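The values are calculated or read from the model by the stated rules, or taken from the named source; none is laboratory data. Because the structure is a prediction, the values reported are computed rather than measured. These area figures cover heavy atoms from the full protein model, side chains too; ligands, DNA and RNA do not enter into them. Shrake-Rupley method; radii C 1.70, N 1.55, O 1.52, S 1.80 Å.
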Amino acid sequence: MEGNQSQITEFILVGFQLSKNMELLLFGIFSLLYICNLLANGVILGLICLDPRLHSPMYFFLSHLAIIDISFPSSNLPTLLENLVKHTKNISFDPCTVQMLFNLTFGSIECLILLAMSYDRYVAICHPLQYTVIMNWRVCSILAVACWVCGFALALVQVILLLRLPFCGPQKVNHFLCDIRSVLKLACGDIWINEMFLFADGVLILVGPLALMLVSYMRILWAILKIQSKEGRKKAFSTCSSHLCVVGFYFGIAMIVYMVPDNSQREEHLKILFLFYALFNPLLNPLVYSVRNAQVKAAFHRVLQKKGTV
């Protein structure tokens, strides 16, 4: 196995078959989106750290979401941008492995953090009198640590299972990054165990949390309808609709990419979906949680006023 695997020292990322001019144009567009993502999520993270009024469980989990939305593109896009500007698509075996580990880790953690955020909203709306008792800082910290540990552990298992396989050619990965499903197709050994664990991982990380979130939001919706105050109903519905927008976009694409059986005709469509997943989803979260959130906008104005008086 070691002899076979040593023959493959690097992979070739096929990506999209484009002209050099088109690659340079995409480099500019993707670079701009990446910078906007770093700035937007950085602003959200900074506001939550600086403004004491945002030191609540909801924004505690939102800060973790911002960290993930900075980290996930940062593990993918620099390689893609380098390949676009240099017109080369090679990646060594070890960086490819690290990229797969980061992709799976941050993707899994985001699913679990979104689940924790839905639980926070469920407690806040359905059990408002017990909210501070149930969602105390100890519980929030345990939930956050559990999300990170579980996400990393599940990703590590997938990568360890992949490393046991021999890779003796071909070298071409039909993707613009090291996606584990695309890399598995190049293995010379039997990959049924890997596919079984990937499917189980998808059920555990995608289907399970999504089902729990749908149950939570159904109960939240029922509780919102019982609120007598029109202003209270509007505020609660606005917050939850923002969460549902993020959840629907994120889980929808993730389930199509990882849960639907793969075939050669779908590969190009999956690459485009994954591009949206890596580029636009990290931008969606700060847009949804800032533009539609009065507390975040108020915190932003307070920070600007403080800087103006200095």
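How much area per residue is accessible in the stretch 119-184 when the probe is 1.4 Å and only protein heavy atoms are counted (Å²)? Each residue of the stretch 119-184 exposes 47 Å² on average to a 1.4 Å probe.
According to the Cα-based calculation, Rg over Rh for the stretch 146-287 is 1.08, with Rh computed by the Kirkwood formula.
Taking the helices alone, the chain has a mean residue ellipticity at 222 nm of -25000 deg cm²/dmol, built from -39,500 (n - 2.57) per DSSP H run of at least 4 residues and averaged over all its residues.
Scanning residues 5 or more positions from GLU10 or on other chains, those with amide H under 5 Å from its amide H are PHE93, with H placed 1.01 Å from N in the peptide plane. Rg and Dmax of the stretch 1-151, both derived from C-alpha coordinates alone, stand at 20.1, 64 Å.
Close lysine pairs were tallied over the chain: pairs 8 or more places apart or on different chains with Cα atoms under 23 Å apart number 19.
Each of ARG164, ARG219, ARG302 has its accessible area taken with a 1.4 Å probe; listed largest first, they run ARG219, ARG164, ARG302. With the convex hull constructed from alpha-carbon coordinates only, the stretch 93-134 shows a mean projected area of 3.2 nm² over all directions. Computed from the alpha carbon positions, the gyration tensor of the chain leads to an equivalent ellipsoid with semi-axes of 38, 23, 17 Å, biggest first. Shape of the stretch 4-80 from the C-alpha gyration tensor: oblate (a/c of 1.5 or more and a/b not above b/c, with a ≥ b ≥ c the square roots of its eigenvalues).
For PHE106, the solvent-accessible surface with a 1.4 Å probe is about 30 Å², rounded to the nearest 10. Counting pairwise Cα distances across the stretch 145-189, what percent come out greater than 14 angstrom? Of all Cα-Cα pairs in the stretch 145-189, 56 percent lie more than 14 Å apart. Rg/Rh for the stretch 124-220 (Cα atoms only, Rh after Kirkwood) is 1.16. Expressed as a whole percent, the accessible surface of the chain that belongs to carbon and sulfur atoms is 70, based on a 1.4 Å probe.
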